[in-house]
């Protein structure tokens, strides 16, 4: 079998809904919608957008934890993780979301030990205020978590890299990996860019496809010889 590393997005991929969006809808003070519009229009990057939006959250830790307790993940994700461990295939969660939320949600499934790259959410002063820092940002990247840098790190082992994702935060990284399991908006990006991928609706599909990826047959079926995989500098 070919050696692979797996990088997996969280919001909308592992999780059923986007965590930060759900928090802003419930606890956001006025102004977060303007930041969202500026980000969608390309006037600001996701790191600037999310830093500003987190500044506008008005919630206690108890309220945060109660809200997170009502958010769910794809029902087949635990089985997918179990299969990757059985097959000795490393998986890392790479997210432009919130580390605290990801740990809390995955912890309910016994999966909070998964390696994680995400923005750091911490309480601030005065009470009910929060702040965002981005320990996985990279120079020249406007995202909070530079997924391209995560791809470059993954490649250092010499293994191939699979990306599992769903949206705009995954576009750049998708250009640099060997294969993609794509949901939602990422499907069209991969199709337009000629990136080898398969569409999935969730981790039931991913679980079925994983053995074919590891034995090489999936890559052969979807190989595009004219495409050169870019290496993140």
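Remarks
- Applying the set (1) under 25 Å from residue 2 (Cβ atoms); (2) modelled with pLDDT of 95 or more to residue 122 leaves exactly one unmet item: (1).
- All positions within region 126-161 that are part of a loop (DSSP other than H, G, I, E, B) and out of contact with any strand residue (DSSP E or B) (no Cβ under 7 Å at 6 or more places or on another chain): 126, 127, 128, 137, 138, 139, 140, 141, 142, 146, 156, 158
- Residues satisfying the stated conditions in region 54-74, i.e. under 17 Å from the mean Cα position of the chain (by Cα) and free of Cβ contacts under 8 Å to residues at least 60 places away in the same chain: 71, 72, 73
- Filter result for residue 171 (in a loop (DSSP other than H, G, I, E, B) and either more than 21 Å from residue 91 (Cα to Cα) or under 15 Å from the mean Cα position of the chain (by Cα) (or both)): no
- Qualifying residue in region 35-42 (condition: buried (at least 21 other Cβ atoms within 10 Å of the Cβ), in contact with a helix residue (DSSP H, G or I) (Cβ under 7 Å, 6 or more places away or on another chain), touching a residue at least 12 places away in the same chain (Cβ under 8 Å) and not in a strand (DSSP E or B)): yes
Table: residues versus (1) surrounded by fewer than 21 Cβ atoms within 10 Å (Cβ to Cβ); (2) on the phi > 0 side of the Ramachandran plot.
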residue: 128; (1), (2): yes, yes
residue: 136; (1), (2): no, no
residue: 142; (1), (2): yes, no
residue: 157; (1), (2): yes, no
residue: 170; (1), (2): no, no
residue: 179; (1), (2): no, no
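- Residues of region 181-211 satisfying the condition of being crowded, with 24+ Cβ neighbours inside 10 Å and in contact (Cβ under 8 Å) with a residue 60 or more places away in the chain: 203, 206
- Region 123-148 residues that are under 25 Å from residue 43 (Cβ atoms), paired with ones that are modelled with pLDDT under 95 and crowded, with 21+ Cβ neighbours inside 10 Å (beta carbon under 7 Å, 6 or more apart): 143/169; 147/169
The values are calculated or read from the model by the stated rules, or taken from the named source; none is laboratory data. Note that the structure is a prediction, hence the values are computed from the model and not measured. FYI the Cβ positions are ideal-geometry reconstructions off the backbone, even for glycines, and counts take in every protein chain you see.
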